[in-house]
Amino acid sequence: MDPNQQVVENYANPRTCFFHVLFKAASLAFYILSTLFIANFVIIFVVTVLLAALDFWVVKNVSGRILVGLRWWNEINDLGESVWKFECLDQESLARMNKKDSWLFWWTLYLTAILWILLGIFSLIRLQADYLLVVGVCLTLSIANIVGFTKCKKDAKKQLQQFASQTIATRFSSTLQSAFSVV
């Protein structure tokens with residue numbers, strides 16, 4: 001093997017990547033094509049929102065865990081306040097996550113929201129408030145995943161920093177203790 005030749009990393013979870021992209025593409029494609037070929041707004045609304053909801057669920061509960069090692073949810077506590085909950089893999093497992101899987105996850109997450117925004121602008125220009133409703137629901141689901149996973153990623157980084165600080169402090173104190181116990 002040539003030492004200058006780079007090793008191409010494949011997707012570690014191709015099936016998960018496929019389904020991560022499938023429902024995003026299906027909801028967008030159905031919405032775009034159905035507005036051209038189907039006259040019944042109710043069918044367009046129901047099928048598009050159903051596909052977007054499937055995408056939301058797959059991203060939140062399956063591909064988020066497998067592709068980037070993150071999971072989030074929101075609970076209402078006893079005081080009626082909204083509380084965000086986050087889960088992430090341990091730091092060693094996160095460090096071993098496949099870069100291609102992670103890249104696909106984040107780019108498709110943001111790209112889908114951008115495409116829904118563009119479709120919303122087209123609906124505004126064409127003065128189609130009913131289609132704007134479909135886009136609004138789909139965009140809301142996309143943005144909910146973006147916000148949830150972004151907060152989760154920040155929380156994971158904060159946990160990593162705390163772990164690193166704690167490890168350094170523990171090693172420093174044990175080094176000091178051993179240095180003074182020798183004397």
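The values are calculated or read from the model by the stated rules, or taken from the named source; none is laboratory data. None of these values were measured; they are calculated from a predicted model. Neighbour counts run over all protein chains shown; Cβ positions are idealised from the backbone, glycine included. Calculation scope for accessible area: heavy atoms of the full protein, side chains included, ligands and nucleic acids excluded. Shrake-Rupley method; radii C 1.70, N 1.55, O 1.52, S 1.80 Å.
Within region 134-149, can one find any residue that is touching a His at 6+ places or on another chain (Cβ under 7 Å), open to solvent by less than 30 Å² (accessible area, probe 1.4 Å) and not in a loop (DSSP other than H, G, I, E, B)?
Quick first cut of region 134-149, residues touching a His at 6+ places or on another chain (Cβ under 7 Å) only: none.
No, region 134-149 contains no residue that is touching a His at 6+ places or on another chain (Cβ under 7 Å), open to solvent by less than 30 Å² (accessible area, probe 1.4 Å) and not in a loop (DSSP other than H, G, I, E, B).
Of the conditions (1) open to solvent by less than 50 Å² (accessible area, probe 1.4 Å); (2) hydroxyl-bearing (S, T, Y); (3) over 23 Å from L28 (Cβ atoms), S82 fails just one. Which one is it?
(1)
Which one of the conditions (1) in contact with a helix residue (DSSP H, G or I) (Cβ under 6 Å, 6 or more places away or on another chain); (2) within 23 Å of A52 (Cβ to Cβ) does C88 fail to meet, given that it meets all the rest?
(2)
Could you pull out every one of the helices (runs of 4 or more DSSP H) wholly within region 1-100 that has 2 or more residues that are touching a strand residue (DSSP E or B) at 6+ places or on another chain (Cβ under 8 Å) and either modelled with pLDDT under 75 or at negative phi (or both)? Even if it seems obvious, please write down each step before you answer.
Working: elements: 14-37, 41-58, 64-68, 91-95.
Helices (runs of 4 or more DSSP H) meeting the threshold: 64-68.
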